[in-house]
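The values are calculated or read from the model by the stated rules, or taken from the named source; none is laboratory data. Here the structure is a predicted model, which means the values were calculated and not measured. So basically every Cβ, Gly included, is an ideal-geometry build from the backbone, and we count neighbours across all protein chains shown. We work out accessible area using only protein heavy atoms, side chains counted, and drop any ligands, DNA or RNA first. Shrake-Rupley method; radii C 1.70, N 1.55, O 1.52, S 1.80 Å.
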Amino acid sequence: MSTTSSLSAQRRAAVDATLADVRALVAEGAPDRAALAAVTARLEALAAHKELFTRADFPPPDAGQGVGASTRYRLNADDGDDGLALYLNSTLPGKTTQPHNHTTWAVIVAVEGREVNRLYDRTDDRSNPAQAQIHLAREFTVQPGASIAFLPDDVHSIHVVGDAPTLHFHLYGQPLERLTGRIGIDATTGAITNYNATHFQPSKVAA
């Protein structure tokens, strides 16, 4: 077996073992924040194996694609479209997103690089599907050893900072491709859009 094939096999084995543990942690249904803390700790253990997740194997886009360009790699594509989905985001500095939810739980863990998460409280009664009211509650910087987790209705935005690209795990209860009900919220006007329809870019399948 070549060195490249061996590394790929080791990586897949590590991913499979991690996801098996995560499935056990969330086996009793929709996880609460305590369960997500355990999931986060397990994903941080995977992130510690930096030799399995390098920029050489998961390169960011070429700088010519613009500030904040990003490539999302699906690490468990063989598992299909049901259940857990683990991605590795390789993102250039300057990447920002609109405030959005996920409609499933989510965990973000850094292998390397820094990503500021702005966390919002939604204060309207949600009676108007075209409009929301949000205000910034706090900021949290995801970096190695500092991770974050979200429940389905939590709203956040992402802002990649620093001089180097990120390599960050994004783990979801369902694949992003299936989360067609996600909303994006204009932070200034409160206007609601369908996030997948307006912002979603296809993922690449990891080797």
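Farthest toward the positive end of the dipole of region 51-111, out of Leu52, Val111, Gly66, is the Cα of Gly66, where the dipole comes from beta carbon charges about the Cα centre.
When each of the peptides 102-113, 81-92 is scored by how many other beta carbons lie within 10 Å of its residues on average, the order from highest to lowest is 102-113, 81-92.
Only loop residues by DSSP count here, and only those with at most 12 other Cβ atoms within 10 Å; note down the trypsin sites (Lys or Arg not before Pro) in region 93-172 that meet that.
For trypsin sites (Lys or Arg not before Pro) across region 93-172 that sit outside H, G, I, E and B with at most 12 neighbouring Cβ atoms in 10 Å, the list reads Arg126.
Report the charge-dipole magnitude of the chain in Debye, nearest 20, computed about the Cα centre from +1 at each Lys and Arg Cβ and -1 at each Asp and Glu Cβ.
Numbers: 18 positive and 23 negative charges, 56 e Å.
In total the dipole reaches around 260 debye.
Charging the Cβ of each Asp and Glu at -1 and of each Lys and Arg at +1, and nothing else, the dipole of region 2-109 about its Cα centre rounds to 340 debye.
Taking amide H as placed 1.01 Å from N in the peptide plane, Gly68 has its amide H under 5 Å from the amide H of Leu92, Lys95, each at least 5 places away in sequence or on another chain.
Given that just one value was derived from the coordinates, which of [x] 1, 7, 14, 16, 16, 14, 12, 9, 7, 3, 1, 0, 0; [y] 1, 6, 13, 17, 18, 15, 10, 6, 4, 3, 2, 2, 1, 1, 1, 0, 0; [z] 1, 7, 15, 20, 21, 18, 11, 5, 2, 1, 0, 0 is P(r) over Cα pairs in 5 Å bins from 0, in percent? It is the one labelled [z]. Between region 15-83 and region 95-153, the alpha-carbon centres lie 17 Å apart. Each stretch of four or more DSSP H residues adds -39500 (n - 2.57); spread over every residue of the chain, this sum gives -6500 deg cm²/dmol at 222 nm. The residues of region 74-198 have, on average, 41 Å² of accessible surface per residue, using a 1.4 Å probe with all protein chains present.
Taking a ≥ b ≥ c as the square roots of the Cα gyration tensor eigenvalues, with a/c under 1.5 meaning rounded and otherwise prolate when a/b beats b/c, else oblate, which class fits region 43-84? Here region 43-84 falls in the oblate category. In a reduced charge model with +1 at each Lys and Arg Cβ and -1 at each Asp and Glu Cβ, region 67-136 shows a dipole moment near 340 debye about its Cα centre. Since only Ala207, Thr180, Thr193 are under comparison, the one whose Cα sits farthest along the positive direction of the charge dipole of region 75-207, derived from C-beta charges on Lys, Arg, Asp and Glu, is Thr193.
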